[in-house]
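Structure record follows, encoded as structure tokens.
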Amino acid sequence: QQPVQSPQAVILREGEDAVINCSSSKALYSVHWYRQKHGEAPVFLMILLKGGEQKGHEKISASFNEKKQQSSLYLTASQLSYSGTYFCGTEILIQGAQKLVFGQGTRLTINP
Amino acid sequence: DGGITQSPKYLFRKEGQNVTLSCEQNLNHDAMYWYRQDPGQGLRLIYYSQIVNDFQKGDIAEGYSVSREKKESFPLTVTSAQKNPTAFYLCASSVPLRSNQPQHFGDGTRLSIL
């Protein structure tokens, strides 16, 4: 049930780009993306709905391919503030109820 | 400002002791959730409630209990049956999941064993 995120960790220099992938074995209704700083609460970034929709938030965007049951998060021209752990949450149907199941996270480190 | 308040921020449990983590929200959300996070791990669902006086077990409910007597409150009790309670606990709330709205998280409670 848990989606698989890749890579598990990535280190970038400020200004470089990164892609974080989220794959599920279950049919997805939507995908949520969150960023968490160490010891803090996860912060919502965006929701992707069915239909291959792509959304953006500052220089962070994402896509959702429902046929492949995958979502990707794109970070362009990364800033130091982008450091943290990124989680995808996949909305799936389990025993007749919608649930949000989170991946294990991708740790992103941005160096000056 | 609306939000979710978790207390305490840090909690220590003795062997054989039950402890209760508080979660209060003033966002008027129907749904509330408890997650457990271990170092380097994702968020695992303990319990969730979609409406007052109703709740369901998540993926790792053993050793935990909850109540939902008020819309604003969803306390989590970590019982002595939970043999490995050391973790970061996050409470969240949302409008019903299919409304395409995000979950809002509290700042968490870090629980450790003495």
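Residues whose amide H lies under 5 Å from that of A:Ser30, counting only those 5 or more places away or on a different chain, are A:Glu91; hydrogens are built 1.01 Å from N in the peptide plane. In loop segments of the stretch B:31-75 as defined by DSSP, the GluC sites (Glu not before Pro) with at most 14 further C-beta atoms inside 10 Å of their C-beta are B:Glu62, B:Glu69. Using the Cβ-Cβ distance between B:Asn26 and A:Glu14 with R0 set to 30 Å, the FRET efficiency from 1/(1 + (r/R0)^6) comes to roughly 0.20.
Taking the inverse of the mean 1/r over every pair of distinct Cα atoms in the protein assembly as shown gives a Kirkwood hydrodynamic radius of 18.0 Å.
Enumerate the residues in the stretch A:5-39 having an amide nitrogen under 13 Å from the point lying 7 Å beyond the Cα of A:Asn65 toward its Cβ. Answer for this model: A:21-24.
Build a GNM of chain A with springs between Cα atoms under 10 Å apart, and of A:Gln79, A:Gln98, A:Gln70 the one that fluctuates most is A:Gln98.
Restricting the stretch B:1-34 to trypsin sites (Lys or Arg not before Pro) that sit in a DSSP loop and have at most 12 other Cβ atoms within 10 Å of their own Cβ leaves B:Lys9, B:Lys14. Sequentially through the stretch A:98-107, phi angles give Karplus couplings (6.51, -1.76, 1.60; θ = phi - 60°) of 6, 9, 9, 10, 9, x, 7, x, 10, 8 Hz, Gly and Pro residues having no value and appearing as x.
With no solvent and one point per C-alpha, what does the Debye sum give as log10 I(q)/I(0) for chain A at q = 0.16, 0.18, 0.19, 0.21 Å⁻¹? The Cα Debye sum returns log10 ratios of -0.66, -0.83, -0.92, -1.10. Taking amide H as placed 1.01 Å from N in the peptide plane, B:Lys71 has no amide H partner under 5 Å among residues 5 or more places away or on another chain. Here, the stretch B:31-114 yields an orientationally averaged convex hull projection of 5.8 nm² when only Cα atoms define the hull.
Read-outs: derived from the displayed coordinates by stated rules, not from any lab. In this text, all values refer to a predicted model and were calculated from it rather than measured experimentally. Using ideal geometry, Cβ is built from the backbone for each residue, glycine included, and neighbour counts are taken over all protein chains shown.
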